[in-house]
Amino acid sequence: MLRRCFGGYDLEQIDVAPTIAEILGIPFHVEGKPLKEILEYGKSCRNLILIIIDSFGYLSYLKSRRFFRNISKMGHDGRLYRCKSNADKTTPAIASILCGRKPKTHKIYRTGDVYGSHIKSILEKASEQDIKSAVVMEEEGALTFDGLIDIIKPMKDRKDMIEFDRITKEATIDVIREDYQFIVSHLRVIDKLGYTLKAIKCIDDKVLEIFKACKIGSLIMLCGDHPPHGSKECSVPLIVDKVI
């Protein structure tokens, strides 16, 4: 069960989708509220890449920040927020991030729940507004968007998470080069290997490569889906940076 978060955060995960919607000019009425500071920072951006990092806890990140050299620079050059996590598992957390509603509302606790849900994600709303949108994530999750958005890149699951994230990174760069305006990508190595130097370097390098592939004027958002399993954390980082 997710621990209660007693203040000390800047926004919640349910605020991410409405913030993206405002930046991209999409009507999207949800439980969350757009964060005005991010709207001001990203108001001139017309391309947006949301990278969801598995098990990316706020306090865990701060403790290891000196090893996240590239991601730390993004937070320094852009914005770093403490974001309240709305779930302690991947599927309901990503659902909250993408649909702007808490789990008790969206009721998506397992991947299969998506198929019985009437709630639309920000990706679907973007595609309906002719904003070219893509998702790059593990196969089971990506397939839930099949036929609903412009393109999906399903990544076959594998034991080697470093290889999984490498392939995910390459697929993300591919859709960036195909000029998709809104992209969601999911990197998973920290969830499997923990905050080891090997896992940190893997994530940090992949994020930098994606950042470098983006066109000038793009807005990059990094958000944890949930804190590390078994931790006492209740928040994740949200890092926002512009490509200039």
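Read the figures in this text as sums done on the coordinates, not as results from a lab. Nothing here was measured: the structure is a model prediction, and the numbers come from that model. Note that each Cβ is placed from the backbone with ideal geometry, even for glycine, and that neighbours are counted across all protein chains shown.
Figures for the structure shown
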quantity	calculated
The stretch 196-244 - convex hull of the alpha-carbon atoms, volume per residue in Å³	78 Å³
Set of aspartates and glutamates near residue 33 by C-alpha distance (under 14 Å), chain-local residues within fewer than 8 positions excluded	10, 12, 15, 22
Paired Rg and Dmax values of the stretch 132-200, which use every Cα atom, in angstrom	12.5, 39
Compactness relative to 2.2 N^0.38 Å, alpha carbon Rg of the chain	0.90
Cα Rg over Rh - the stretch 49-137, Kirkwood	1.02
Neighbour cut-off at most 13 other Cβ (10 Å), DSSP loop, trypsin sites (Lys or Arg not before Pro), the stretch 153-197	156, 158, 159
Neighbour-count order for 113, 15, 150, fewest beta carbons within 10 angstrom listed first	113, 150, 15
Expected 222 nm ellipticity per residue - DSSP helices of 4 or more, -39500 (n - 2.57), all of the chain, to 500	-11000 deg cm²/dmol
Proximal lysines relative to residue 73, as straight alpha-carbon distance under 16 Å, when same-chain residues fewer than 8 apart are discounted	63, 201, 206, 212, 242
